[in-house]
1. Could you check the simple spin-label distance between Gln118 and Ala40, using points 7 Å along Cα→Cβ, in nm with one decimal?
2. Any idea what the relative contact order of the chain is, in percent, if you count C-alpha pairs under 8 Å spaced at least 6 apart?
3. Label Ser54 and Lys76 with points 7 Å out from Cα along Cα→Cβ: what is the distance between them in nm?
4. Tell me, what is the FRET efficiency for Val11 and Glu109 to the nearest 0.05, using R0 = 25 angstrom and their Cβ-Cβ distance as r?
5. For the chain, list the cysteines whose Cβ sits under 4.7 Å from no other cysteine Cβ?
6. Which net charge results for the neighbourhood of Ala23, defined as the other residues with beta-carbon distances under 11 angstrom from its beta-carbon, given Lys and Arg at +1 and Asp and Glu at -1?
7. Please report the net charge: other residues with Cβ closer than 13 Å to the Cβ of Arg107, K and R +1, D and E -1.
Amino acid sequence: QVQLVESGGGVVQAGGSLRLSCAASGRTFSSYTMGWFRQAPGKEREFVAGINWSDGGPFYAYTVKGRFTISRDNAKNMVFLQMNSLKREDTAGYYCAACRGVGVRGRNEYNYWGQGTQVTVSA
């Protein structure tokens, strides 16, 4: 079992930056691909970014590529999402997730989820 806890959300002005953190508990964190998803009110949960367990390679949704950076620290059992040049449309609850595959973007393929942290981008 893997437990995930997100932190770092808040209110930020458009064009600003925010860094999200996800702390994981479990014996085999390094063998899980980690992903970030987001969900706005009335919208479905969508993939934002992922980072593979096998080679540490990141992959992104086209909507955030070039603005967001995902990274992980296996020694600390943590994954991060650095968000720059934030836009109003980035406003959502952000969720950390884990799965055993690589390059996985599908919500249903992730096995474990955190409770989420709210990101609000103002004008």
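Read the figures in this text as sums done on the coordinates, not as results from a lab. Remember, predicted model here, so these are calculated numbers, not experimental data. Note: ideal-geometry Cβ built from the backbone for every residue, glycine included; neighbour counts use all protein chains shown.
1. A separation of 1.6 nm, rounded to one decimal place.
2. So the answer I get is 36 percent.
3. 2.7
4. On the way: r = 32 Å, r/R0 = 1.26.
Given R0 = 25 Å and the Cβ-Cβ separation, E is 0.20.
5. Here Cys99 come out as lacking a disulfide-compatible partner, given the Cβ-Cβ threshold of under 4.7 Å.
6. Working: positive: Lys76; negative: Glu6, Asp73.
Around Ala23, the surrounding residues sum to -1.
7. +1
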